[in-house]
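Q: Mind looking over this structure? Questions follow.
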Amino acid sequence: MAAHGITGNKRKRIVRELRMRDGNYCQHCRKPFGKPLPSTIDHIHPWSMGGTNALSNLQLLCYPCNKKRDLWIRFVLPDSRAA
Ligand SMILES: [Zn+2]
């Protein structure tokens, strides 16, 4: 879904760096990640609108928030940058 080209060891490294930068919790709802709430990599500037895999364009969201944001970007605000 939101893991365009980010897999395996690369994904692990990115997740570690994002956790060091932002903390081990969802950047949207602020719930801590753990077994019941796995982290997902989100593109701040959406991949579908030309966003890159640079760390500055990535953040960690929990799965429910990522899913919601995905739908929001796709159906509600197709032209604007999501917060
Ligand atoms: Zn969340």
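Readers should treat all values here as calculations from the given coordinates under stated rules, not as data from a laboratory. Source: prediction; values computed, not measured. When we count neighbours, we look across all protein chains shown, and the Cβ atoms used for this are built from the backbone with ideal geometry, even at glycine.
Q: Find the relative contact order for the chain and round it to a whole percent, using C-alpha pairs within less than 8 Å whose residues are 6+ positions apart.
A: Working: 86 pairs, mean separation 24.8, N = 83.
Relative contact order for the chain comes out at 30 percent.
Q: If the chain between Gln27 and Phe75 were fully stretched, how many nm would it gain, using 0.36 nm times the residue separation less the Cα-Cα distance?
A: Values: separation 48, 0.36 × 48 = 17.28 nm, distance 2.16 nm.
Extra length from Gln27 to Phe75 when fully extended: 15.1 nm.
Q: Okay, moving on. Hey, got the dipole for the stretch 1-48? About the Cα centre, +1 on K and R Cβ, -1 on D and E Cβ, debye to the nearest 20?
A: Values: 10 positive and 3 negative charges, 48 e Å.
It works out to roughly 240 debye.
Q: Continuing with this model, one more query. Counting just the Cα atoms, what span does the stretch 1-48 cover along each of its three principal axes? Round to the nearest Å and put the largest first.
A: Cα extents, longest axis first: 25, 23, 21 Å.
Q: Further question on the same structure: Hey, how much of the P(r) for the chain falls beyond 19 Å, as a percent of Cα pairs? If you can, show how the numbers build up before the last one.
A: Details: 1128 of 3403 pairs.
Tail of the P(r) past 19 Å holds 33 percent of the pairs.
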